[in-house]
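The values are calculated or read from the model by the stated rules, or taken from the named source; none is laboratory data. Bear in mind that the values here come from a model prediction, so they are computed numbers and not experimental data. Cβ atoms come from the backbone with ideal geometry, glycine included; neighbour counts cover every protein chain shown. Surface areas here come from the heavy atoms of the whole protein model, side chains and all, with no ligands, DNA or RNA. Shrake-Rupley method; radii C 1.70, N 1.55, O 1.52, S 1.80 Å.
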Amino acid sequence: MIIVLRPNLTRKDETAVLKEIKRLGYHPHIMRGVARTVIGAIGDELTHKSLESLLTLFPHAVESVMPVQRRFKLVSREAHPANSTINVRGNVIGGRKIQIMAGPCSVESEKQLLGTAEAVKAAGATILRGGAFKPRTSPYEFQGLGEKGLKLLAKARKETGLAIITELLSEEHAELVAAYADIIQIGARNSQNFQLLIAAARTGKPVLLKRGLSTRIEEWLLAGEYVLSNGNSSLMFCERGIRTFETYTRNTLDLSTIPIIKMESHCSVVIDPSQGSGRADLVSAMCKGAVAMGADALLIEVHPNPAEALSDGAQQLSPEGFARLMAELKPFIEAAGRE
Ligand code: PEP
Ligand code: MN
């Protein structure tokens, strides 16, 4: 920690601050400048008590307290310098190949899901997405098929060989969802539901953690820390847009999270351009940008008839649109040095 003292302090004040720093287990290193004295408090910030208390104990003497270590430990590259990879039924996320996760927003019926699964597989997707438990803004909107939807996902996996990703909405369903899913999705609305994150982590299944509607990057990384610190090393971060003043798009897809998460963390980054823009006509451009910026996977909504979808119709691609997108993306993926 770096502690900046106020100017013109008495030695008595300085000694009192140093004493408290030592009491909390840190070794103080004093640097006297012309205008200011700065103390470097040496010790593990993650295991020692915070020195923020100095601000309230000595308001007349301490101007600021700044951490130098990251608050997220296991998620950071300090803990794991190389990129981590996750193997999902033979599909490696975080490796050279950009994995495509595609499928409907919601699982609606056997015909809808199986038809979509066949189509996205033929176009190159390796993982099938589909919500069985849906976090809807209104309680009067389609809430998902629940376990029946999970069974349909398992059937689609059996018939196509695609791995499946589906959302876990509540702790009580953790075991149930884990019994079917290859990847557990934690949605934007639950991004900081820490008990749910712990429950998801403890299933042992890989976890895809979406960014919340107004979650800051550090908060998101710390939410990820809940997964890793609960014995699950298979975590990916998924940017799906944040809430801003802009209304042209449903959300503002923050692609800057790709290089930032890559700098800070070893975990994979997934981009969801569907929730991210809310508009089918923007999905392709967003995907191209994401690929150029180093995304490890894309999560794309595809529906056999978007106009009749029970959720998120405006942003879902038709199977034909998805096949076109995959063809368009190919040169961008190659130019990024990926497969
Ligand atoms: C979804 O993937 O359909 C979904 C509900 O996502 P989010 O949690 O990002 O809104
Ligand atoms: Mn959706």
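Data for the structure
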| item | result |
| --- | --- |
| Qualifying residue in segment 305-320 (condition: of a type outside the set (V, I, T), more than 16 Å from ligand 2 (Cβ to nearest atom) and touching a Ser or Thr at 6+ places or on another chain (Cβ under 9 Å)) | yes |
| Answer from N251, N232 - the residue that is over 22 Å from D312 (Cα atoms) and touching a strand residue (DSSP E or B) at 6+ places or on another chain (Cβ under 7 Å) | N232 |
| Wholly within segment 29-111, strands (runs of 3 or more DSSP E) carrying at least 3 residues that are over 30 Å from A297 (Cβ atoms) | 37-42, 62-66 |
| Conditions (1) away from ligand 2 (no atom under 16 Å from the Cβ); (2) under 17 Å from L310 (Cβ atoms); (3) open to solvent by less than 50 Å² (accessible area, probe 1.4 Å); number of the one not met by T160 | (2) |
| Filter result (among the charged types (D, E, K, R) and under 22 Å from the mean Cα position of the chain (by Cα)) within segment 149-171 | E167, E171 |
| Given (1) within 16 Å of ligand 2 (Cβ to nearest atom); (2) under 25 Å from L46 (Cα atoms), number of the condition L228 does not satisfy | (1) |
| Counted residues, segment 42-95 - those being within 30 Å of T126 (Cα to Cα) and either in contact (Cβ under 8 Å) with a residue 24 or more places away in the chain or of a type outside the set (A, V, I, L, M) (or both) | 20 |
| Total residues in segment 183-232, condition under 20 Å from I260 (Cβ atoms) and touching a residue at least 60 places away in the same chain (Cβ under 8 Å) | 9 |
| Hits in segment 236-287 (condition: of a type in the set (K, R) and touching a Ser or Thr at 6+ places or on another chain (Cβ under 6 Å)) | R243 |
| Tally of residues being open to solvent by less than 10 Å² (accessible area, probe 1.4 Å) and either within 13 Å of ligand 1 (Cβ to nearest atom) or closer than 19 Å to I93 by Cβ (or both) across segment 304-328 | 3 |
| Every pair of residues 6+ apart whose Cβ atoms lie under 7 Å, when the first sits in segment 96-124 and is farther than 30 Å from M293 by Cα while the second is part of a strand (DSSP E or B) and not hydrophobic (A, V, I, L, M, F, W, C) | V107/G131 |
| Qualifying residue in segment 116-130 (condition: closer than 16 Å to I184 by Cα, over 23 Å from the mean Cα position of the chain (by Cα) and surrounded by 15 or more Cβ atoms within 10 Å (Cβ to Cβ)) | no |
| Residues located in segment 44-77, provided they are in contact with a strand residue (DSSP E or B) (Cβ under 7 Å, 6 or more places away or on another chain), open to solvent by 30 Å² or more (accessible area, probe 1.4 Å), within 30 Å of L209 (Cβ to Cβ) and of a type outside the set (V, I, T) | E52, M66, R70, R77 |
| Residue ranges of strands (runs of 3 or more DSSP E) in segment 172-289 with at least 1 members at pLDDT 95 or above and more than 15 Å from ligand 1 (Cβ to nearest atom) | 235-239, 268-271 |
| Flag if L235 is under 25 Å from G94 (Cα atoms), touching a residue at least 12 places away in the same chain (Cβ under 8 Å), in contact with a Cys (Cβ under 6 Å, 6 or more places away or on another chain) and more than 16 Å from ligand 2 (Cβ to nearest atom) | yes |
| Scan of segment 86-99 for residues that are crowded, with 16+ Cβ neighbours inside 10 Å and out of contact with any helix residue (DSSP H, G or I) (no Cβ under 7 Å at 6 or more places or on another chain), ordered by number | I86, V88, N91, I93, G94, G95, Q99 |
| Those residues of segment 290-303 which are farther than 30 Å from R70 by Cβ and either part of a loop (DSSP other than H, G, I, E, B) or open to solvent by 30 Å² or more (accessible area, probe 1.4 Å) (or both), in sequence order | H303 |
| Residue list for segment 138-152, restricted to those being among the hydrophobic types (A, V, I, L, M, F, W, C) and either closer than 14 Å to L169 by Cα or surrounded by fewer than 13 Cβ atoms within 10 Å (Cβ to Cβ) (or both) | L145, L150 |
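So that you can scan it fast, the table gives a plain yes or no per residue for (1) in contact with a Gly (Cβ under 9 Å, 6 or more places away or on another chain); (2) of a type in the set (G, A, S):
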position: N190; (1), (2): yes, no
position: Q195; (1), (2): no, no
position: G204; (1), (2): yes, yes
position: W220; (1), (2): yes, no
position: V227; (1), (2): no, no
position: N232; (1), (2): yes, no
position: L235; (1), (2): yes, no
